[in-house]
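Participant: To start, I am sharing the structure in question, which I have written as structure tokens.
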Amino acid sequence: MKLNATMEAVTARIRERSQPARSAYLERLELAAARPPGAERMGCANVAHAFAALPANDKLKVVRERAPNIAIVTAYNDMLSAHAPLQYYPDMIKAEARKFGASAQVAGGVPAMCDGVTQGTPGMELSLFSRDVIAMATAVALSHDVFAGALMLGVCDKIVPGLLIGALHFGHLPTVFVPAGPMPSGLSNGEKGKVRELAAQGLVGRAELLQAESAAYHGPGTCTFYGTANSNQMLLEAMGLHVPGTAFVNPGNALRAELTREAARTVLGVIKSKRYAPIGRVVDERCIVNAMVALLATGGSTNHLIHWVAVARAAGLTIDWDDFAALSSVVPTLTHVYPNGSADVNQFQAAGGPGFVIRELLDAGLMHEDVLTVRAGGLREYTRVPERHAPARKVADLVPMTLAEEVTDLLPAAPEENAPEGLVWMDAGASRDTTIVRPAAQPFSPHGGLQLLQGNLGRSVIKVSAIPDDRHIIEAPARVFDSQEALHAAFKTGELDRDVICVVRWQGPQANGMPELHKLTPPLAVLQGKGFRVALVTDGRMSGASGKVPAAIHVSPEAATGGPLARVLDGDPIRLDAEAGTLEVLLPEAVWAKRAVAVMPQTLRAGNAHGLGRELFSAMRRHALTAEEGACTWL
């Protein structure tokens, strides 16, 4: 299939715009790749320290036999449900590496915070910058520099972008990402949302709300809505950085364990075959465009309009929101997964999952097929779904086990002579539920799920895939808030029971670290449910679960740097038009130009600077780039 002309044009302009930085990046990559292996390059004391704790046989392999040594960088902790299963992965990977004459070491761990725990609390002000801390921690882990390849163990919101940014700074290493999969379905996301709205109105109490939340978030694995964490996994599939089809297989599943072992085999396959596919070569402008297309086609998380800008920068590539907007004009929406529909990611997987979406996009000329991936078969491999073929188990083997017992049970023993690896991949086939996934010829929408807005209030983005069609244009008076707590207070007193556009400012990277404002969704949804025409305009972020209320987010430049939201007053008429792509205050130009620019209240600035470790992030707030530049703190 011939590549879509807009795809071709966007890719070409990214390539041209990025040429100086990309060339310098690749030059550094090639210099690093050309060096002798670490055990030969380093001094004897360095080598002894690096491998002192290895079992004797592994030490012999890596030092004397020059066998590949694989770095494991893990985001394991059991605070994150999605990361709890990662506890058992290193032993599985090490055992698999030994079967193929190689070794593996946990090179380091990276921090991983749960946005679901910190939503609406001061801890959320560390969330965005934790991405760059994770990138730095990844660099520290890989700085031991004795590795032939790497496996990145992580799943959730900032963790995958952070691991990816860090890995790209070691772009000479073949690298495979290893997820844990979503938890099984619990209380539906729609039912959970209804209880949240009832709680916002005071119609149910804390006990009922906690019961609903606990029924939705109930076990190991990623949350089941299509938020930032699950969008991460979709994008990694589209970039060819996973074992194909690994994104949405549940933890504890025998297939999940086999896919983890396959990740070890995959990175060793790149190394041993001498197929030149280091991560810095895999992630080129075509790969980044494929990720952007996958995000748009699935109505993925708005957070990635920040994160993937930063990821691209780490590979010497420059993308911006104009690129997303151009692609959104030709990329159809192929999925309806909550918050863009009622299905969760388990239902998405059952209906066809990433393999179906990638195949449809490739066949429609909306993805680059001629790209490097961690698999020799290229991106077409990612249109297939893995299955496990295992010997029949005894009845005694079928009793329920805990996750720990099941994973331990699946640790590989010595293989039988010529034993099959136990995995086959099948074509994703036709959609098994067209209310969840549709072919490119019959999409939910001919356009992507994200839209650029621009006007005299700055540049911002909006997730249109979840918004009812009659809410794509909102025109109403402004009500200005300096914090999300102030909006909640106004909601509780009934001040917002009218058509209103709520402006929440001082929420950008330099103001307070750009927290997610997901706690604003229930009250605004209640107002919309009462028939009022409401919207949110903010220089902060919304969660990947942002839903049916129109929200112009990431407004740049932010208010704290003198951006236009600092000029808005209560009562100013504002028009948010997702169809025309505009965000404007409807005042005469001369009046708007003379409007004084407010200064962030000192009480807010001082409050953001202290408590829960926020002091340690002051330099990051001070030096952060704009949201459209990826909010990077390392450039």
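The values are calculated or read from the model by the stated rules, or taken from the named source; none is laboratory data. These numbers were taken from a predicted model, which means no experiment stands behind them. Don't worry about glycine lacking a Cβ; one is built from the backbone with ideal geometry, like all the others, and counts go over all protein chains shown. Heavy atoms of the whole protein, side chains included, go into the accessibility calculation; ligands, DNA and RNA do not. Shrake-Rupley method; radii C 1.70, N 1.55, O 1.52, S 1.80 Å.
Participant: Would you please name the residue that is nearest to VAL63 (Cα to Cα), looking only at residues in the stretch 9-45 that are in contact (Cβ under 8 Å) with a residue 40 or more places away in the chain and open to solvent by 80 Å² or more (accessible area, probe 1.4 Å)?
Facilitator: Here the answer is ARG28.
Participant: Now, a different point. Which residue, of ALA525, ALA440, ALA466, is touching a Pro at 6+ places or on another chain (Cβ under 7 Å), at pLDDT below 95 and not in a strand (DSSP E or B)? Walk me through it before giving the result.
Facilitator: Working: ALA525 fails: touching a Pro at 6+ places or on another chain (Cβ under 7 Å); ALA440 fails: at pLDDT below 95.
Testing whether each residue is touching a Pro at 6+ places or on another chain (Cβ under 7 Å), at pLDDT below 95 and not in a strand (DSSP E or B) leaves just ALA466.
Participant: Please work out if LEU565 is at pLDDT 95 or above and either surrounded by fewer than 24 Cβ atoms within 10 Å (Cβ to Cβ) or touching a His at 6+ places or on another chain (Cβ under 8 Å) (or both). Reasoning before the result, please.
Facilitator: Details: at pLDDT 95 or above: yes; either surrounded by fewer than 24 Cβ atoms within 10 Å (Cβ to Cβ) or touching a His at 6+ places or on another chain (Cβ under 8 Å) (or both): no.
Against the criterion (at pLDDT 95 or above and either surrounded by fewer than 24 Cβ atoms within 10 Å (Cβ to Cβ) or touching a His at 6+ places or on another chain (Cβ under 8 Å) (or both)), LEU565 does not qualify.
Participant: Let me ask something else. Any residue in the stretch 210-232 that is more than 30 Å from THR373 (Cβ to Cβ), without any contact (Cβ under 8 Å) to a residue 24 or more places away in the chain and not in a helix (DSSP H, G or I)?
Facilitator: Scanning the stretch 210-232 turns up no residue that is more than 30 Å from THR373 (Cβ to Cβ), without any contact (Cβ under 8 Å) to a residue 24 or more places away in the chain and not in a helix (DSSP H, G or I).
Participant: Ok, one more. Kindly indicate the residue of the stretch 129-144 that is of a type outside the set (A, V, I, L, M) and open to solvent by less than 40 Å² (accessible area, probe 1.4 Å) and also nearest to VAL73 (Cα to Cα) among those meeting that condition.
Facilitator: THR138
Yes/no matrix, rows are residues, columns are (1) open to solvent by 10 Å² or more (accessible area, probe 1.4 Å); (2) hydroxyl-bearing (Ser, Thr, Tyr):
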{"site": "GLY449", "(1), (2)": "no, no"}
{"site": "GLY455", "(1), (2)": "yes, no"}
{"site": "SER460", "(1), (2)": "no, yes"}
{"site": "SER465", "(1), (2)": "yes, yes"}
{"site": "ASP470", "(1), (2)": "yes, no"}
{"site": "ILE473", "(1), (2)": "yes, no"}
{"site": "ALA478", "(1), (2)": "no, no"}
{"site": "PHE481", "(1), (2)": "no, no"}
{"site": "HIS488", "(1), (2)": "yes, no"}
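Participant: Collect the residues in the stretch 568-595 that are open to solvent by less than 40 Å² (accessible area, probe 1.4 Å), closer than 16 Å to VAL503 by Cβ and among the aliphatic types (A, V, I, L, M), keeping them in residue-number order.
Facilitator: Once the filter is applied, which keeps residues that are open to solvent by less than 40 Å² (accessible area, probe 1.4 Å), closer than 16 Å to VAL503 by Cβ and among the aliphatic types (A, V, I, L, M), the stretch 568-595 yields VAL568, ILE574, LEU576, LEU583, VAL585.
Participant: Given the criterion over 27 Å from the mean Cα position of the chain (by Cα), more than 30 Å from ALA264 (Cα to Cα) and open to solvent by 10 Å² or more (accessible area, probe 1.4 Å), identify the matching residue among ALA207, ALA215.
Facilitator: Result: ALA207 is the single residue among ALA207, ALA215 that is over 27 Å from the mean Cα position of the chain (by Cα), more than 30 Å from ALA264 (Cα to Cα) and open to solvent by 10 Å² or more (accessible area, probe 1.4 Å).
Participant: Residue under question is ALA326, and the condition is that it be under 19 Å from the mean Cα position of the chain (by Cα) and over 10 Å from VAL437 (Cβ atoms); does it hold? Spell out how you get there, then give the answer.
Facilitator: Details: under 19 Å from the mean Cα position of the chain (by Cα): no; over 10 Å from VAL437 (Cβ atoms): yes.
The answer is no for ALA326.
Participant: Let me ask something additional. Which residues, counting only those in the stretch 558-582, are part of a loop (DSSP other than H, G, I, E, B) and touching a helix residue (DSSP H, G or I) at 6+ places or on another chain (Cβ under 8 Å)?
Facilitator: The answer is GLU558, GLY581.
Participant: Out of (1) closer than 21 Å to ARG13 by Cβ; (2) open to solvent by 20 Å² or more (accessible area, probe 1.4 Å); (3) in a loop (DSSP other than H, G, I, E, B); (4) touching a residue at least 12 places away in the same chain (Cβ under 8 Å), the odd one out for ALA326 is which?
Facilitator: For ALA326, the failing item is (3).
Participant: Regarding ASN512, is this residue among the polar types (S, T, N, Q) and crowded, with 24+ Cβ neighbours inside 10 Å?
Facilitator: yes
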